[in-house]
Amino acid sequence: MAGETILVVEDSALNRKLVETVLLPHGYRLLTAMDGEEAIAIATRERPDLILMDLQLPKVSGYDAIRALKSQPETADIPIAALTARAMDYERQEALALGCVDYITKPINTRTFPDQVRRCLDARNSEPDAQ
Ligand code: MN
């Protein structure tokens with residue numbers, strides 16, 4: 001199913017551009033946020049189908065943005081995949097403990113990234129009470 005809305009939260013313009021370039025041909029509607037504060041505002045307003053969340057962000061960190069989004073009912077069910085250049089195991093554990101559906105290490109692998117994103121969206125669709 002194409003046309004889903006994905007919010008890309010990433011403070012690096014270069015990384016944001018890369019994610020957009022790789023995902024746009026797949027027909028998604030892409031929204032972008034450059035820090036955690038903006039991520040919370042846009043996610044609350046637009047209710048995207050998936051959020052790709054960089055964990056190292058200015059103003060409000062990715063972790064705190066995830067906590068905020070998971071704690072408010074209108075955004076709690078939106079799947080979030082963490083996107084980070086740090087590949088430490090404890091970070092992965094923390095991201096998953098906060099409710100992230102996946103943990104994607106940067107730099108993204110442009111060949112496999114679209115499938116990773118697709119799996120995050122499909123996981124949401126397979127949950128009976130997901131919307
Ligand atoms: Mn960052």
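The values are calculated or read from the model by the stated rules, or taken from the named source; none is laboratory data. Please read all numbers here as calculations on a predicted model, not as lab measurements. Cβ placement follows ideal geometry from the backbone for every residue including glycine, while neighbour counts extend to all protein chains displayed.
For the reader, a short list of remarks on this structure follows.
- Filtered residues of the range 51-76 (kept if assigned to a loop (DSSP other than H, G, I, E, B), in contact with a helix residue (DSSP H, G or I) (Cβ under 8 Å, 6 or more places away or on another chain) and either buried (at least 17 other Cβ atoms within 10 Å of the Cβ) or at negative phi (or both)): 55, 56, 57, 58, 60, 61, 72, 74, 75, 76
- Taken over the range 7-57, the criterion of being of a type in the set (Lys, Arg) and either within 13 Å of the chain's Cα centre (by Cα) or within 13 Å of the ligand (Cβ to nearest atom) (or both) is satisfied by 16, 47.
- Qualifying positions in the range 58-77 - away from the ligand (no atom under 16 Å from the Cβ) and of a type outside the set (Ser, Thr, Tyr): 67, 68, 69, 70, 72, 73, 74, 76, 77
- Boolean, residue 80 is at pLDDT 95 or above, buried (at least 16 other Cβ atoms within 10 Å of the Cβ) and within 16 Å of the ligand (Cβ to nearest atom): yes
- Hits in the range 77-114 - residues which are part of a loop (DSSP other than H, G, I, E, B) and of a type in the set (Asp, Glu): 77
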